[in-house]
Structures are given as structure tokens and as C-alpha cells.
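> Just passing along the structure, written as C-alpha cells.
The values are calculated or read from the model by the stated rules, or taken from the named source; none is laboratory data. Since this is a predicted model, take the numbers as computed values, not measurements. Here the Cβ positions follow ideal geometry from the backbone for every residue, glycine too, while neighbour counts run over all protein chains shown. Only protein heavy atoms, including side chains, enter the accessible area calculation; ligands, DNA and RNA are left aside. Shrake-Rupley method; radii C 1.70, N 1.55, O 1.52, S 1.80 Å.
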Amino acid sequence: MNLLRRWWWLVTLPLVLITAIVVVSLVYLRRDFLREVEEDAQWPLRVAQADIEGRRSRWVSSARSTAAMLATDPDNDEFTSTVLASVAVDGSRTRVVPVPDPFVATQPEMIATVRCGAAFCVEASAPVRRQNRTVATVVVTVPITDSAFRALDVPGPSLGSRVTILHRQGDSVFMLATASHDSIALRARTMAWAAVPRHVQQAFDARTRTRTRMRTRTGRADTGLVRSGVVYASASYPDLGWVVLREVDAEELIDRLLAPLSIQLLVISSLLLFALGFARSRRREALLRRERALAEVRGDFVAAVSHELRTPLAQITLFAELLRKGTMRGPEEHARALHVIEKEASRLSILVDNVLNHARLGRTGRTRSTRSTMTGSATTAVGRDISHVLEAFAPLAADRGVRVVALDVESPAVASVDSQAVRQILLNFLENAVKYGPRGQTVTVGVREHRDAVCVFVSDQGPGVPIAERETIWTAFARGSAASASRAGGSGIGLSVVRDLVEQYGGSVGVTNTDGGGARFEAIFPR
């Protein structure tokens, strides 16, 4: 199960990290792409700037050259409002307007955006001066239409974009010319100032605060002239009263970013779900194997306990039947029958206590970490308990010809443990010593006092316990090499119950080998 948990995290954690990396990369890519689009959005404005500046210079130069020609032409002494020429290229027309005598003062050159019918025109004017007085004005008028500024529609990214020339008069904003890379048309060519998007208002405000010919700004806006979520760049022309605006569809850009990344996330999510499903199936399979193993262990446990119960019960039943029928011939046979009954009853008592303690401590269903500690819940004089245990164990020891020696049982040591628990622990130690040790051996039971603990031990003269097995023998149903070699029966829970009982009272257990080769089992309790 621990291996399965490690495998689970080895699969899940990298996939979670990869998903997080993809999401973070999406955020950073979106930011970087928007920043790049903001920078690229100025490029059409620079192209438009060159076209507008060239046209502006041409209009002013046309008015200026015509005025200079008329100023030096002796045949034109009187001027009337006359159209001199028309230029088919941009639809411009040139006219001469006489200046009345009150306006003899010098008149500067001018360029402005004015109404011409339902549309707008640009007027470039230059004065005609003779003898230091202005006698007429040459006006070049150019209508502003979408086709007049083809340079607005420059090649660019294949995103929805629009370049528009805007002009404000009073509380209205007019779209003089526009070009776009998408099929969405402007909602209206005239908008009220309150309905104009905020970034357009800011571009006009910037125009009123500067005298430079062009001032560029970029940014992102939630609402544009045509669609929402745009990256924009704007440039102001104060002398013309224009704002040139470029808007790029940021949402379309984000959609294009999301498409491949969404596929990546979908693939990663699919892999993650597959891994989780696979891990879940493996975990379910492991749980089923564990349940089968537990079922087998329980079956073996029931079989072992049944076998252990059957033998003493059969002996007790047999000799009780013989005593009841009176077939015993003399006092010696009566004493022998009673001894067998007493011995087998002791074995039954140890076995039943082990089973009850094993069930109570939950060895088959819970882990050790879930059981509570009962430190300080009871105290007992350990030496007195040892004496009582030796009396109860005497029949089993006599049956195997084992000599049990008690050391320091008169010690006044008091431990924080229940008397019944001490009895169960010592009986299990003694039963193992007698069961796996040789016949006729000497088993030593004693108690040792330490500064803050009391140690109860049982030493035998058996084969001992190898170092590699000194941890596993405390596990339920585990059998050491000595138990396997002796082929002695048993329920397999005795030492497990000992460990659990000792740990319930805040103590510890251990096993070492003695100098003579036997094993020394210890249970240490707090004082």
C-alpha cells in the first residue's frame, strides 16, 4: 500500500505541475502577445502619418504656389471668387476668394477641417499679397472619404483590425475615413461625445494639450468603436483637428492563443484522468488483495485457534470422563488426571486471554497508531504478580520437565500497568519459552528496577532469536525460524498481544540472546 501511495504521487504530482505550467504560460503568453500587439499597432499609424504629412504638405504647397503666381501676375488686377482648377487624383479644387478692404492686414497661411455639405473637407489657404496688402486668398479644398486615404489599409496581422480618422466638432465626433481587415462596419459615422469610447476621448484630450503634429499612445480598452476588448494605438494632429485610431481585436488574439493551449490542457487532463483512474484501479486491486490476504489470515487464525482449543478440551474431557466413571485405580492416577486437567485448563486460559486481548486491541482491523495509550491508568506490584503467574504456570512447566527460577520477586517495584496485563504478558513469555525450548531446561523469570522504569524478563535456554527476526516476531501470525523448526503449534498472536498490551501502558518490549544461547524477552513499564 505504501508503494502504491508513492506511485500515486509520482504520477499525479508531475501532471499537476505540468498543468500549472501550462496555465502560467498561458497567462504570460497572453500578456506578452498583447504587449507585442500594442507595439505593432503603431506601425499603421506611422504609415498613415507619412501619407497625411505628404498630403498636408502638398495641399499647403498648392495653395502657396498658386498665391505666389497670382501675386506676380500683372493681368489679374481684380479678383473674383473663381474656381481655378480641379485635380482628379484626390478630388481637390482650388478657388480664389477676394479679400475686402477692411481685411487688408496680413493674413497667415491656414489649414483646417470644415464642413462641405454632408461630409467634411480639408481646406488649405494662402494669401495673395500685392504691395504689402492681402488682396485675395487661395483656398485648396479636398474632400475626406474612405478612398482618399488608402494608406490607412496597410497590410498587418490577420486579426480583426480597423484604422479610423476621427474629427470632433462640439459634442459630436465624426468618422472622416476608415479602413478595416474585417467585415464589421461602423455602427454610425457620427457619435455623440458621451457615446465615444473612453480611449478615444483621451486621444482628443491629448490633442488639446499639445502643439506637436503627432502624439502617439497605446493601451487596451474594454470597448472599442466596433467591438469589445481591443488593443489600440492613437495619434493626434492638432492643426487638422484629427485623431487617427487603430484598434486590433484582442479577444480574437486570445482565442487564437487559447486554441492550442486548450488542446494541451485537454490532453494533459485526459492523461491525468487516465492516471487517476489507473491508480484507483490499482488501489482497488491492492485493497482486494489485502482483503483476500486478511481473509486467509483470519481463516488460518480460526483454524489454529480451533486446533489449539481442541487438544486441551479433548484432554480435559477424557480425564474428566475417566474420573466420573471411577476407572482410576489409585490415588496416583487420580492425581495425574487432575494434573492434566489443570495443565490443559491453564493452556486454555492463556489461549482465550490472548484471543480476547487480540480482538479487543483490534489487531485484525486497525493500525497500531489508532489505539489509545493507558499510561498511569493502573499500578501493580510486579514481584507479587510474578509469584501468582508461576503458581498458575506450574502444571505446564511440569509437563515439559522445565524448571522455572524466580529472581527478585520480593522486589517492592511498582509499575504503571494493570495486574491482569502483567499476568497475560508473563504467561505468553513463559509459554513460548517452554514450547520452543528443550525439555529439562531452566527458565528464569525476574524483575529489574531502573530509575524511571520497571523491567520484567523471561530467559530460556532455547535456540534464541536471530537479529533479523527480532522485529517481525512481534507481528501477528509471524513465525520465526525456531517456531518453524520445532513444528510447535500455536495461534500466532501471543507476542503480538504482548507488544500491544505493553504499548497500551506506555511501555516497550524487546528480545536479546543470552550468553548461553537462549532468548531473553523483556517488557519495560513506567514506574
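> In the full protein assembly as shown, how much of residue 59 is accessible to a 1.4 Å probe, in Å² to the nearest 10?
Probe radius 1.4 Å; accessible area of residue 59 about 10 Å².
> I'd like the FRET efficiency for residue 186 and residue 35, computed as 1/(1 + (r/R0)^6) with the beta carbon distance as r and R0 of 25 Å, rounded to 0.05.
Efficiency computed from Cβ-Cβ geometry: 0.35.
> On to the next question. Whole-Hz ³J(HN,Hα) for each residue in the range 451-457, computed from phi via Karplus 6.51 cos²θ - 1.76 cosθ + 1.60 with θ = phi - 60°, x for glycine and proline: what do you get?
Using θ = phi - 60°, the values come out as 4, 10, 8, 10, 10, 10, 9 Hz.
> Starting from the 7 Å offset along Cα-to-Cβ, what nm value, one decimal, do you get for the label separation of residue 470 and residue 451?
According to this spin-label approximation, the distance is 2.3 nm.
> Give the peptides 259-266, 222-229, 42-49 in descending order of average Cβ contacts within 10 Å, highest first.
The peptides rank, most packed first, as 42-49, 222-229, 259-266.
> Could you list which residues have their amide H under 5 Å from that of residue 378, counting only those 5 or more apart in sequence or on another chain, with H placed in the peptide plane?
417
> Based on the Cβ-Cβ distance from residue 420 to residue 291, what FRET efficiency comes out when R0 is 30 Å, to the nearest 0.05?
0.35
> If you don't mind, there's one more thing I want to ask. Determine ³J(HN,Hα), in whole Hz, for all residues of the range 126-136 in sequence, where each value follows from phi through the Karplus function 6.51 cos²θ - 1.76 cosθ + 1.60 and θ = phi - 60°; x replaces Gly and Pro.
Per-residue couplings from phi come out as 9, x, 9, 10, 9, 6, 6, 9, 7, 10, 6 Hz.
> Sticking with this structure for a sec: Roughly how many nanometres apart are two label points built 7 Å out from the Cα toward the Cβ at residue 145 and residue 251?
According to this spin-label approximation, the distance is 3.3 nm.
> Where only protein heavy atoms count, and the probe is 1.4 Å, what is the accessible area per residue for the range 380-421 in Å²?
I get 45 Å² per residue for this part.
> Please turn the phi angles of the range 424-439 into ³J(HN,Hα) values with the Karplus equation 6.51 cos²θ - 1.76 cosθ + 1.60 (θ = phi - 60°), one per residue in order, whole Hz, x for glycine and proline.
After applying 6.51 cos²θ - 1.76 cosθ + 1.60, I find 5, 5, 5, 4, 5, 4, 5, 4, 5, 4, 6, 5, 9, x, x, 5 Hz.
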